Amino acid sequence: MQGSSEGGALFSVVWGVLATGFGVIVAADIRGAAGRLLTFSQRSVLFGATRRTPVRPGFVRAVAAVFALLGPVMLVTGVRELAQGDGAVTAGFPPIPLPIAGGMALFTAVAFWQLWRRDGVLRQEWARGAVVERSAAGVLTASLAGFVAALALGGPVFAMGAWLVGGLAGLVLLLGGSRTAPSGQSGGDGR
């Protein structure tokens, strides 16, 4: 039973770090993060369909508050399980069958297209021209590819590391807006 919980402990640590960061940033609406998250989600609709949601930043902040509360619990639980277990870092994922690995590669290709198309989220962040946004967009892209490759090859440490790095890059993009811009809009001079 200990071998089955080792991967879960590493997952709990990464999930806890990202959920805490996301929850605090969005719930506190740091630099208009709730509005930017809504804008990102509206720009990320599959195949460019335009759709406005009735969701407001206040609702997003309330949901993020749940993540801010649950994240530290998951983080502490994961760290405690990692401290108690041995071999948590060396345990691997079971091998993924070739058709599933092919499906994962196809899904990743569609995700890259969706994120980097002309009106895609990462393309627009890249076009803003700031070094921080460009770096975060590049890191997020590389970490998505690394996450899928590590899952396909059975490396949990590399998969969780790629997920953590990609999540942190996403948080940097979420914070990339201007302090003075209204929610959902970002300026390039508010740093």
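Taking segment 108-119 as the region of interest, how many residues are over 18 Å from G167 (Cα atoms) and in contact (Cβ under 8 Å) with a residue 12 or more places away in the chain?
The total comes to 2.
Looking at R52, R56, R43, R61, can you tell me which residue is of a type outside the set (S, T, N, Q) and at pLDDT 85 or above? So that I can check it myself, show each step before the final result.
Numbers: R52 fails: at pLDDT 85 or above; R56 fails: at pLDDT 85 or above; R43 fails: at pLDDT 85 or above.
After applying the criteria, what remains is R61.
Among the charged types (D, E, K, R), assigned to a helix (DSSP H, G or I) and either at negative phi or at pLDDT below 85 (or both) - does that describe any residue in segment 123-132?
Start the filter on segment 123-132 by keeping residues that are among the charged types (D, E, K, R), which leaves 123, 125, 128.
Those left that are additionally assigned to a helix (DSSP H, G or I): 123, 125.
Okay, now just the ones that are also either at negative phi or at pLDDT below 85 (or both), so 123, 125.
Scanning segment 123-132, I find at least one residue that is among the charged types (D, E, K, R), assigned to a helix (DSSP H, G or I) and either at negative phi or at pLDDT below 85 (or both), so the answer is yes.
Look at segment 26-37 and say how many of its residues are open to solvent by less than 20 Å² (accessible area, probe 1.4 Å) and hydrophobic (A, V, I, L, M, F, W, C).
3
Of all residues in segment 125-179, how many are open to solvent by less than 20 Å² (accessible area, probe 1.4 Å) and among the charged types (D, E, K, R)?
2
The values are calculated or read from the model by the stated rules, or taken from the named source; none is laboratory data. Just so we're clear, the structure is a prediction, and the values are computed from it rather than from any experiment. Note: ideal-geometry Cβ built from the backbone for every residue, glycine included; neighbour counts use all protein chains shown. All accessible areas refer to the heavy atoms of the entire protein, side chains included, with ligands and DNA or RNA removed. Shrake-Rupley method; radii C 1.70, N 1.55, O 1.52, S 1.80 Å.
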